[in-house]
Amino acid sequence: MTDAARQFIQPLTFAALTGHKVITSLWPQLDSEGSDGNTDSSIEHIAEAQWADALVVAPATAGILAKFAHGMADDFLTTMYLATTAPVLVAPAMNVNMWEHPATQANLELLRQRGVRVIEPDAGALACGMVGPGRMAEPEFIANSVLNALGRSHDLAGEVVLITAGGTREALDPVRFLGNRSSGKMCYALAEAAQSRGAKVILVSGPSALYPPAHCELVKVTTADEMRAAVLGRMPDATLVIKSAAVADYRPSVVADQKLKRTGPLTVELLPTEDILAEVVRQRKPGQLIVGFAAETENRLENGRAKLLRKGVDAIVVNDVSREGVGFDSDRNGATFLTANTATDLPEMSKRKLADRILDEVVGLRRPQSLLVELSGAEPQAQVSEDPEAEVFVAGAGSRRQIIIE
Ligand code: PMT
């Protein structure tokens, strides 16, 4: 936050709302004991500039536009602007006369020429009491502009994505359960990514310490049975189902009414739970895409491919959960996106990035696949002319003709 921004809002407000540190100075900030608590802070603007996917200044004052345009680097934001190679977006907000002033317009022109994306302000009643252009664009419009700048269009707009998350818990007695190490991080990242690409998200989640993304519909469950009921109940609304939860495969056949006493060895009979994914596939409607996950510790691709075929899903995301630092309860993950005839390697990255890469692949499944038709002697155009959308290419001459319908 710049000095000017802090005249309006306290850094603590942003820190509390975002859960992230708020940087207010170019220089190390000393605590009461004189320690900066952060030896890297003097080069933090460089680190942040390299790390950021985009630099968005909203609202951007006439002053900050002038500093950007003329390369004045005297605080954290302006030095970061010079140091970053990421896309820069500014959403100006100011008095109408300041906006229309030739100096401001010349600065904006300079910035546009240098590749800065200017999100034009709206016209209307301004805080200063005047009417005209100068009101910051609507936050949703700014968010869409950022997504476009990042090459992330709203390619899931209109989709209703049902995502299962976390692990389930199967009670043994009133205080104990069989569970697993799933934190929900991978699935919540998928929910956030799907939502930012325009989807409506229904998140059916086992117990997790995470906050769900705002605006998604959260359905909390505990056991595999509850997850099954929630998924099958919401499934008719979904156009895409992603089964990323770590569902228990077994549950104790008997749940003790009272806490079990320690009286020596204990044998517990386990019964298999319902396979929710298999049931989802059985109940699928035309046009519904179904993507499973596979957590494997050995023979990843062979086991993943066998699961894909056995469960009848459109694709399966196979992750190796035997390696340190990825998979369960980590912020990072790597996977292979398997379909019936493709295998796309998605190397280790943050779970949030991986979520977008998985969705890129899922969006690819929606694209019509080329269909190769072989004809002997028949007139190719006549076979496909009923479909006005189809593009026809005659791909070979001779007695056998091939046409590719895109
Ligand atoms: O939550 P994190 O800490 O971020 O960890 C993420 C993760 C490792 C849990 C996640 O990336 C993952 O791999 N999820 C799937 C875990 C799993 O249960 O895999 P599986 O191979 O046992 O199951 C295969 C598929 O069948 C899964 O889509 C699973 O949801 C589904 N299944 C399994 C059992 C069951 N009774 N019903 C099901 O629908």
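Side notes on the structure shown:
- The chain: relative contact order in percent, alpha carbon pairs under 8 Å with at least 6 residues between: 9
- From least to most packed, judged by other beta carbons within 10 angstrom and beginning with the fewest, Arg117, Arg323, Arg282 follow the order Arg282, Arg323, Arg117.
- Prolate/oblate/rounded label for segment 3-149 (Cα gyration tensor, a/c 1.5): prolate
- Since only Ala49, Ala125, Val88 are under comparison, the one whose Cα sits farthest along the positive direction of the charge dipole of segment 3-149, derived from C-beta charges on Lys, Arg, Asp and Glu, is Ala125.
- Taking 0.36 nm per residue of sequence separation and removing the Cα-Cα distance, the Ala4/Ala54 pair yields an extension gain of 15.8 nm.
- 3J(HN,Hα) from dihedral phi, segment 3-9, Karplus parametrisation 6.51/-1.76/1.60, rounded to Hz, x for glycine, proline: 4, 5, 4, 6, 6, 9, 9
- Over the residues of the chain, the helix contribution to mean residue ellipticity at 222 nm works out to -9000 deg cm²/dmol, using -39500 (n - 2.57) for each DSSP H run of at least 4.
- Computed over the Cα atoms of segment 49-108, the ratio of the radius of gyration to the Kirkwood radius (Rg/Rh) comes to 0.98.
- Antiparallel %, DSSP beta bridges [both residues in the chain], to 5: 45
- Burial order of peptide ranges 86-95, 126-135 (average beta-carbon count within 10 Å, highest first): 86-95, 126-135
- Rounded to the nearest 10 degrees, the angle from helix 102-113 to the longest Cα principal axis of the chain is 40 degrees.
- A Cβ-based charge dipole, computed about the Cα centre of segment 208-276 with Lys and Arg at +1 and Asp and Glu at -1, lands at about 340 debye.
- In terms of the mean number of neighbouring beta-carbon atoms within 10 Å, the peptides 156-165, 104-113 order highest first as 156-165, 104-113.
- Net charge over other residues, Cβ less than 15 angstrom from the Cβ of Val281 (K, R count +1; D, E count -1): +4
- Spin-label pair Asp237-Leu210: with each label point 7 Å from Cα along the Cα-Cβ axis, the two points sit 2.0 nm from one another.
- Between helix 139-149 and the chain: long-axis angle, C-alpha atoms, 0 to 90°, nearest 10: 80
- Counting only Cα atoms, the size of the chain along its three principal axes is 82, 73, 39 Å, in decreasing order.
- With both labels modelled 7 Å from their Cα along Cα-to-Cβ, the Lys261 to Glu100 distance reads 8.8 nm.
- Placing +1 on the Cβ of every Lys and Arg and -1 on the Cβ of every Asp and Glu, with no other charges, gives the chain a dipole of roughly 860 debye about its Cα centre.
- Extension gain, Val175 to Val268, is 31.9 nm, computed as 0.36 nm per intervening residue step minus the present C-alpha separation.
Just so you know, all these numbers are worked out from the coordinates, no wet-lab data involved. It should be emphasised that the depicted structure is a prediction, and the values quoted were computed from it without experimental measurement. Please note: Cβ atoms are built from the backbone with ideal geometry, for glycine as well, and neighbour counts cover all protein chains shown.
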